[in-house]
Amino acid sequence: MSIMNTPSIHEDKIDLARACIEHRATWMALTFLEMQKRGLDAEGITRAAVRQTGHIHGARIKEKTADVEDLRDFNAAFLNEDGRKNFEIDIVEAEHDHLKAEFHYCALVSAWQKLGLDEATIALLCDIAMDGDRGIAEAMGYTLDLSDTIAKGCKTCKLHFHK
């Protein structure tokens, strides 16, 4: 496996946002690794905290979603223009009952690569980070299916939110 993760969009505002995302990912990874060193349940603790963060963010997104029964409205509230640029997201399909998106770049993966983490650890941290998005889906009353991920060496991350 070889992770390919190179941004194609370069704008000052987007680069700044990505730097903030990398900072968050670095903090997450170092906290996770420190818990591991101390013999704690690093994965369980981190997953629980990230999922809780997703629930908090999901509640805020839900407030901004015109009709939570329509995932097109969720798309508008969740994947705004800057967010789409940050992760270089293509909306593949936006329908009433489901939303499919492909992410072509990930600043979190970039941070973990800069830390020199091995690909298996990057893939695990990615899946843990996706618990935030799973938490958002839960807060909205949806399910999130995640198939391909950049962290696993795929070209894109494929997310499918649905009822």
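The numbers here are math on the coordinates, done by the rules we state, and not lab data. As the structure is a computational prediction, the values presented were derived from the model and not from experiment. Quick reminder, even Gly has a Cβ in these numbers, built from the backbone with ideal geometry, and neighbours come from all protein chains shown.
Key figures
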quantity	calculated
Gain on full stretching of the segment that runs from LYS62 to THR143 - 0.36 nm per residue minus C-alpha separation	27.7 nm
Nearest-ten-degree value, helix 42-64 long axis tilted from longest Cα axis of the chain	20
Rounded FRET efficiency, nearest 0.05, which uses the C-beta distance separating MET35 from HIS98 and R0 of 45 Å	0.80
Cα long-axis angle, helix 119-140 against the chain (0 to 90 degrees, to the nearest 10)	30
The chain, helix-only ellipticity at 222 nm - DSSP H runs n ≥ 4, -39,500 (n - 2.57), divided by all residues, nearest 500	-19000 deg cm²/dmol
Cross-link table LYS64/LYS85; LYS114/LYS155; LYS13/LYS163; LYS37/LYS114; LYS62/LYS155; LYS64/LYS163, entries beyond 25 Å C-alpha to C-alpha	LYS13/LYS163; LYS62/LYS155
Distance between the range 89-115 and the range 25-63 - C-alpha centres, whole angstrom	19
Candidates per GluC sites (Glu not before Pro) in the range 1-76, loop by DSSP, up to 16 other Cβ within 10 Å	GLU11, GLU69
The range 12-162: mean projected area of Cα convex hull, nm²	8.5
Gyration tensor verdict on the range 1-99 (Cα atoms; rounded if a/c is under 1.5, prolate if a/b is larger than b/c, oblate otherwise)	oblate
